[in-house]
Amino acid sequence: MKHPFGWSYPPGCSGPPDDDYPCEVCGNHPDDCTCPECPECGEQGNPTCYVQDGHLSHIKLPIMCLRDLLIEVEGDDVKEGGDDARARRIARRLYKGTKCGISFSPTERGIQVSGYCEGWDGECEAYELTFPFTAEAFWNATADADNDGCFAWNQSHGCESCWPEGHGDGEFGCWPINPECLVCHGNGVVL
């Protein structure tokens, strides 16, 4: 409201608001910005230093939420269904797009991936990532989880001809795959 002697502020307000606006990239207070430092200009949280709308700038933004992760995994976002639909699409893509299939689930503050082995009652290690994280950290965790699932398969799905001389009883009566087996050709069998 304009006062004859200048502007007047509402009761309890002594002046204009502080100039500390949230970071334009991560949305945090400038003191709590989680954006990586730009290797070219040294700034943190400068929107022109990051990949935006497919245009390459200096560095890539961290993955801050399931929407960002879905765009990393599929290159697109869902139009309807929110985070539940995003989680289902990410889980399906990761299961189908890995050698042994991996398990994906969102957590309260991030995501979890773990290896999967059909017919095996054991559990593979879970890899948890807390938002924000880099695409590289995500793909490394995905590769590690898939390797765990493949290792479990190779240790438990040998066919009856893999070790004709006997290999002892493996877990749950199974035995490792013989990569030189002439019957299953080193692929093993589904239990």
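Looking only at the stretch 81-99, which residues are basic (Lys, Arg) and in a loop (DSSP other than H, G, I, E, B)?
Residue satisfying the conditions is LYS99 alone.
State which residue pairs qualify: first residue at pLDDT 90 or above and inside the stretch 96-124, second residue in a loop (DSSP other than H, G, I, E, B) and among the charged types (D, E, K, R) in any location, beta carbons under 7 Å apart, and separation of 6 or more residues or different chains.
SER114/GLU125
Which of the residues spanning the stretch 162-180 are of a type outside the set (A, V, I, L, M, F, W, C) and modelled with pLDDT under 75?
Within the stretch 162-180, PRO164, GLU165, GLY166, HIS167, GLY168, ASP169, GLY170, GLU171, GLY173 qualify.
Say we look at the stretch 59-82 and pick out the residues that are in contact (Cβ under 8 Å) with a residue 40 or more places away in the chain and closer than 15 Å to LEU94 by Cα; which of these is surrounded by the fewest Cβ atoms within 10 Å (Cβ to Cβ)?
In this case the residue turns out to be GLU72.
Take the stretch 100-124 and flag every residue that is under 15 Å from the mean Cα position of the chain (by Cα), in a loop (DSSP other than H, G, I, E, B) and within 13 Å of ALA152 (Cβ to Cβ).
Selection gives GLY101 alone.
Select from the stretch 135-163 the residues that are touching a Leu at 6+ places or on another chain (Cβ under 9 Å) and polar (S, T, N, Q) and write down the one among them that is farthest from THR107 (Cα to Cα).
Looking at residues that are touching a Leu at 6+ places or on another chain (Cβ under 9 Å) and polar (S, T, N, Q), I get SER161.
For GLN155, only one of the following conditions fails: (1) crowded, with 16+ Cβ neighbours inside 10 Å; (2) in contact (Cβ under 8 Å) with a residue 60 or more places away in the chain; (3) under 22 Å from TRP175 (Cβ atoms). What is its number?
It is condition (2) that GLN155 fails.
When only residues in the stretch 181-191 that are among the aliphatic types (A, V, I, L, M) and in contact with a Gly (Cβ under 7 Å, 6 or more places away or on another chain) count, which is modelled with the lowest pLDDT?
LEU191
Within the stretch 108-123, how many residues are out of contact with any Leu (no Cβ under 9 Å at 6 or more places or on another chain) and either among the basic types (Lys, Arg) or under 18 Å from GLY97 (Cα atoms) (or both)?
Counting residues in the stretch 108-123 that are out of contact with any Leu (no Cβ under 9 Å at 6 or more places or on another chain) and either among the basic types (Lys, Arg) or under 18 Å from GLY97 (Cα atoms) (or both) gives 5.
The values are calculated or read from the model by the stated rules, or taken from the named source; none is laboratory data. Bear in mind that the values here come from a model prediction, so they are computed numbers and not experimental data. All Cβ positions, even for glycine, are placed from backbone atoms using ideal geometry, and neighbour counts span all protein chains on display.
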